[in-house]
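The values are calculated or read from the model by the stated rules, or taken from the named source; none is laboratory data. In this text, all values refer to a predicted model and were calculated from it rather than measured experimentally. Cβ: placed from backbone, ideal geometry, glycine included. Neighbour counts: every protein chain shown.
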Amino acid sequence: MAAISAKNATVMYNAVDVSGDTNSVDLDISADMTDVSVLATTSKQYIPSQDDATISLKAFWSLSVTGLRAKVEAELTAGQTTAKTLVFTPQGAGVGNITYTQTVYVKSYKTSAGVGGALMLDVQFQRTGATTIGAAA
């Protein structure tokens, strides 16, 4: 299996390309498992229930009014009234490349600064609804 570089990955938040600010992306999709074990058994049994997803972006802290920091701060200070669309394309925007599209709310926002390091932003998004896995057009 050939490895694929993430250097061309793209992230769109609310129809704005924030790839230029973004340093890394983690998309975590998980399923709740419901215990359906019965009496007199030694091993538990499970069935899948609802799935969930969170998306974490690590980004460079930027003064840009169109960057990720500005977009997220505007959401948080205005009070999140509507979910936004986040599209993650790990291979980049080429035709046919896999895309993960989800509707999200900002779950957490953290700014960090260390001596000798860049100002960083860590944003976690909570998906609402389902993730659509498709292909870039």
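Descriptive notes on the structure:
- Segment 74-99: number of residues that are under 13 Å from TYR13 (Cβ atoms) and surrounded by 16 or more Cβ atoms within 10 Å (Cβ to Cβ): 7
- Whether a residue is surrounded by fewer than 13 Cβ atoms within 10 Å (Cβ to Cβ), under 17 Å from the mean Cα position of the chain (by Cα) and of a type outside the set (Gly, Ala, Ser) was assessed, and ASN8 does not pass this test.
- Residues satisfying the stated conditions in segment 16-38, i.e. hydroxyl-bearing (Ser, Thr, Tyr) and closer than 19 Å to THR132 by Cβ: SER30
- Options VAL115, VAL104, VAL95, VAL65: the member that is under 26 Å from ALA130 (Cβ atoms) and out of contact with any Lys or Arg (no Cβ under 8 Å at 6 or more places or on another chain): VAL95
- Yes/no for VAL25 being on the phi < 0 side of the Ramachandran plot, touching a Leu at 6+ places or on another chain (Cβ under 6 Å), surrounded by 14 or more Cβ atoms within 10 Å (Cβ to Cβ) and assigned to a strand (DSSP E or B): yes
- Single unsatisfied condition, GLN45 versus (1) of a type outside the set (Phe, Trp, Tyr); (2) farther than 21 Å from THR22 by Cβ; (3) within 19 Å of the chain's Cα centre (by Cα): (3)
- Hits in segment 93-112 (condition: of a type in the set (S, T, N, Q), in contact with a Ser or Thr (Cβ under 7 Å, 6 or more places away or on another chain) and within 22 Å of ALA6 (Cβ to Cβ)): ASN97, THR99, THR101, GLN102
- Restricting segment 11-22 to residues that are buried (at least 18 other Cβ atoms within 10 Å of the Cβ) and not in a strand (DSSP E or B), the residue that is farthest from the chain's Cα centre (by Cα): ASP21
- Test: residue in segment 40-54 that is among the basic types (Lys, Arg), farther than 28 Å from LYS7 by Cα and either in contact with a helix residue (DSSP H, G or I) (Cβ under 9 Å, 6 or more places away or on another chain) or modelled with pLDDT of 90 or more (or both): yes
- Output for segment 28-83, where each listed residue is small (Gly, Ala, Ser), out of contact with any Phe, Trp or Tyr (no Cβ under 8 Å at 6 or more places or on another chain) and in a strand (DSSP E or B): SER30, ALA31, SER49, ALA53, ALA59
- Qualifying residue in segment 103-125 (condition: exposed (fewer than 15 other Cβ atoms within 10 Å of the Cβ), among the basic types (Lys, Arg) and over 17 Å from the mean Cα position of the chain (by Cα)): no
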